[in-house]
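See below for the structure under consideration.
No lab work stands behind these numbers, since they all come straight from the coordinates. Since the structure is predicted, the reported quantities are computational estimates derived from the model, not experimental observations. Ideal geometry is used to build each Cβ from the backbone, glycine not excepted, and the neighbour counts take in all protein chains shown.
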């Protein structure tokens, strides 16, 4: 996988990174995080410009998120019916709706980097729920900046250990996502318990 990604970045440069970021935000299974790591490594070697790598990935990600948001806004209830055709997809979309309902724009922010696998579903859910376009855009753009700078920056700093870093981060991102979801659910339960009327 790493060799394929490096080959794509070597041949297509920033364009490959931008397109992968865009498509991954639309549920296309592309290893965009690894693409950004590779872009950062190529920038460290002087083959690419780091601002171009980060800027291209950020623009692609924001454009992909905006597209998903608009699809959710246009399709509305149809998104739920589409998700219901596949049990795993339905579960992810239900979780995304809870994130949007409970946390609004802040949930969008977290979905871009802390729980990135949920991000495309949050985009659709935010659009379907009628979250304000400007609110979505501001939180989304801020979150994607963290995601992009984080991965491209790590690729730049650890260019000589990129394969080891890629394997570590793919495992670590799963733990981070699980931890963040657990934390959000815990906060939600505490909040509901705090507002529940006393029976005494």
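Quick notes on this structure:
- Here the relative contact order of region 1-109, from alpha carbon pairs under 8 Å that lie six or more residues apart, stands at 24 percent.
- Here the spin labels are modelled as points 7 Å beyond Cα on the Cα-Cβ line, and at residue 146 and residue 75 they lie 2.7 nm apart.
- Centre-to-centre separation between the Cα atoms of region 31-49 and those of region 92-139: 28 Å.
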